């Protein structure tokens with residue numbers, strides 16, 4: 001875009017525990033940081049805005065700057081992950097659980113995407129896959145069935161697709177906190193409807 005870059009902003013862990021944040025306040029903060037026409041979506045910390053050409057900060061420096069601004073304003077640390085429209089559309093179009101062969105048997109409400117703050121190394125990817133498979137009764141005879149979840153690491157190694165096929169995300173063993181500990185990096189999880197909505201907001205942003 002000639003005027004700049006449309007971005008989706010994903011905050012980790014707001015409006016849970018003690019980290020309360022009104023989305024109107026988030027919009028004001030983003031505007032104060034020189035970002036154009038921020039639009040928020042639900043209370044889990046999602047926003048879409050324009051990073052204008054000539055902004056004081058390069059795109060690569062923006063997540064840390066926004067995290068610092070949030071801490072200064074609200075008094076707590078919040079990791080920030082940014083995605084361009086191209087990146088987020090790729091996430092939604094390459095979902096391995098929504099192939100032609102699988103789509104008819106998949107429940108959309110059971111699909112989640114874990115967004116990572118950085119690309120996983122090969123060693124970390126192997127470590128995560130080994131850990132996640134430790135909960136799979138098919139790979140570990142003797143474990144009780146009924147609570148296993150499916151996961152697939154994205155080709156870019158920057159997302160993990162989850163399909164909470166049995167008990168839902170509320171009972172998954174692969175929670176955001178657990179994944180962060182295994183990977184050694186910040187991440188934030190969104191349900192599939194939120195991912196699709198953010199793409200729509202980015203495509204229609206003006």
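Say whether the condition of being on the phi > 0 side of the Ramachandran plot and surrounded by 19 or more Cβ atoms within 10 Å (Cβ to Cβ) is met by at least one residue in the stretch 38-49. Explain how you work it out, then say what you get.
Applying the first criterion (on the phi > 0 side of the Ramachandran plot) to the stretch 38-49 yields 42, 45.
If we keep only those that are surrounded by 19 or more Cβ atoms within 10 Å (Cβ to Cβ) as well, we get 45.
Taking every residue of the stretch 38-49 in turn, at least one turns out to be on the phi > 0 side of the Ramachandran plot and surrounded by 19 or more Cβ atoms within 10 Å (Cβ to Cβ).
Those residues that are surrounded by 15 or more Cβ atoms within 10 Å (Cβ to Cβ) and under 18 Å from the mean Cα position of the chain (by Cα), I need them from the stretch 52-69; list them, please.
Residues satisfying the conditions are 62, 63, 66, 67.
Which one is surrounded by the fewest Cβ atoms within 10 Å (Cβ to Cβ) among residues in the stretch 19-31 that are over 24 Å from residue 114 (Cβ atoms) and in contact with a helix residue (DSSP H, G or I) (Cβ under 8 Å, 6 or more places away or on another chain)? Step through it out loud before you land on a result.
Going through the stretch 19-31, the residues over 24 Å from residue 114 (Cβ atoms) turn out to be 22, 24-25, 27-29, 31.
Subsequent filtering for residues that are in contact with a helix residue (DSSP H, G or I) (Cβ under 8 Å, 6 or more places away or on another chain) retains 25, 29.
On the way: 25: 14, 29: 19.
So the residue we want is 25.
Can you find, within the stretch 130-147, the residue that is modelled with the highest pLDDT among those that are in a helix (DSSP H, G or I) and surrounded by 15 or more Cβ atoms within 10 Å (Cβ to Cβ)?
Step one: list which residues in the stretch 130-147 are in a helix (DSSP H, G or I), which gives 130-133.
Restricting the remaining residues to those that are surrounded by 15 or more Cβ atoms within 10 Å (Cβ to Cβ) gives 131-132.
Working: 131: 89, 132: 86.
Of everything passing the filter in the stretch 130-147, 131 is modelled with the highest pLDDT.
The values are calculated or read from the model by the stated rules, or taken from the named source; none is laboratory data. Just so it is clear, the model here is predicted, and its values are computed rather than measured. Here the Cβ is made from the backbone with ideal geometry for all residues, glycine too, and neighbour counts use every protein chain on show.
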